[in-house]
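The values are calculated or read from the model by the stated rules, or taken from the named source; none is laboratory data. Predicted model only: the values in this text are computed from it and were never measured. Every residue, glycine among them, receives a Cβ derived from its backbone with ideal geometry; neighbour counts consider all protein chains shown.
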Amino acid sequence: MMDLEDMLGIKGVVAAFRYNDDGSLAESAGDLDLENAGLAAQLCYANGRISHQNSDLLMTISGKAGWPPQGWMMLGNALSICTRTNIVCFVRNQEVSFNEVFHALDELGHE
C-alpha cells in the first residue's frame, strides 16, 4: 500500500500532501513547510471545487453524463501541480514522468 512518503520516491516529485473536505491540510511530506502546505491545500481545494462546477456545466451544455473530474493538473514553467481527489503532489517538469505520477495518485486515491 502506497503513502505520501512513497510519492517522494518518484523522480521529480518534491512534495506531496492530502487535504480534508474543508480544504485544511491533513498530512504532508517533502519540501514544503507546514504554512505553505496549508496554503497549497486551500488552493488545491478551491481549484477542485471549480473543476466540479465546470464539469456540471459541461454536462448541462452537452446533455451527456460522464464529466466528473477525477483530478486536475496545473503546468508551470519549471514546477507543476498534479492532483487526484484530495491528494496533491508538486513536481519538477524536467525530471518527472507524469504518467508515473498519475498512476501513483490513482493508487493512493483508491485506498
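Scanning region 13-40 for residues that are of a type in the set (A, V, I, L, M, F, W, C) and not in a loop (DSSP other than H, G, I, E, B) yields V13, V14, A15, A16, F17, L25, A26, A29, L34, A37, L39, A40. Quick one: in region 1-23, which of the residues that are among the small types (G, A, S) and within 14 Å of the chain's Cα centre (by Cα) is farthest from A104 (Cα to Cα)? Of everything passing the filter in region 1-23, G23 is farthest from A104 (Cα to Cα). Against the test of being of a type in the set (D, E, K, R) and in contact with a Leu (Cβ under 8 Å, 6 or more places away or on another chain), the options D31, D3, D21 yield a single qualifying residue, D3. Of everything listed in (1) basic (K, R); (2) modelled with pLDDT of 90 or more; (3) more than 14 Å from the chain's Cα centre (by Cα), the single unmet condition for K64 is (2). Evaluating W67 against the criteria (1) free of Cβ contacts under 8 Å to residues at least 40 places away in the same chain; (2) surrounded by 15 or more Cβ atoms within 10 Å (Cβ to Cβ); (3) within 24 Å of G12 (Cβ to Cβ) leaves one unmet condition, (3).
When restricted to residues that are in contact with a Gly (Cβ under 7 Å, 6 or more places away or on another chain) and either crowded, with 19+ Cβ neighbours inside 10 Å or in a loop (DSSP other than H, G, I, E, B) (or both), region 41-60 contains 2. For region 75-96, a residue qualifies if it is surrounded by 14 or more Cβ atoms within 10 Å (Cβ to Cβ), in a loop (DSSP other than H, G, I, E, B) and modelled with pLDDT of 95 or more, and exactly one does: V96.
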